[in-house]
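Enquirer: Structure provided below as structure tokens; questions to follow.
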Amino acid sequence: QVQLVESGGGLVQAGGSLRIACTVRPGRTFSRAAMAWFRQAPGKEREFVASISRNGGSLYYADSVKGRFFVSRDNDKNTVYLQMDNLQPEDTAVYYCAAKPTILTNNGPFTSLSDYGHWGQGTQVTVAS
């Protein structure tokens, strides 16, 4: 079965940075998939954060994180990253990665939860004010 494992979450002060990662198994699934990050705060719906096409050529961000968060992928490591700079308390959430197998010419943006069929279990990011 397809497995997505997130890592790198933690506690940070406002204005600080974290980089979280998600590794996908098997690698063939990762190389053929658009990847995304979503987040969910307590009592709220899961929301889109960022996505990246299967070849890394197309990037999309929620307005709330644009200019602060940066998504990238390393297909050799079967890993997608989310670099989070200038973190704010409202960024506190469980961050989930998701994979959507796509054809080569379909680059997204894939911002809907329903676009994705494979999900990780999440990593907690807590930003102290």
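Enquirer: In region 2-54, what residues are at positive phi and open to solvent by 50 Å² or more (accessible area, probe 1.4 Å)?
Expert: Gly43
Enquirer: Determine the pairs where a residue that is without any contact (Cβ under 8 Å) to a residue 24 or more places away in the chain, located within region 107-129, has a partner that is open to solvent by 30 Å² or more (accessible area, probe 1.4 Å) and in a strand (DSSP E or B) with Cβ atoms under 9 Å apart, the partner being 6 or more residues away or on another chain.
Expert: Gly117/Lys100; Gly117/Pro101
Enquirer: Has region 62-70 got at least one residue that is surrounded by 14 or more Cβ atoms within 10 Å (Cβ to Cβ), farther than 22 Å from Thr92 by Cβ and not charged (D, E, K, R)?
Expert: No: region 62-70 contains no residue that is surrounded by 14 or more Cβ atoms within 10 Å (Cβ to Cβ), farther than 22 Å from Thr92 by Cβ and not charged (D, E, K, R).
Enquirer: If we keep just the residues of region 83-109 that are of a type in the set (A, V, I, L, M) and within 23 Å of Gly43 (Cα to Cα), which is surrounded by the most Cβ atoms within 10 Å (Cβ to Cβ)?
Expert: Only one residue tops the list, namely Met84.
The values are calculated or read from the model by the stated rules, or taken from the named source; none is laboratory data. Please read all numbers here as calculations on a predicted model, not as lab measurements. Cβ atoms come from the backbone with ideal geometry, glycine included; neighbour counts cover every protein chain shown. For accessibility, only protein heavy atoms count, side chains too; no ligands or nucleic acids. Shrake-Rupley method; radii C 1.70, N 1.55, O 1.52, S 1.80 Å.
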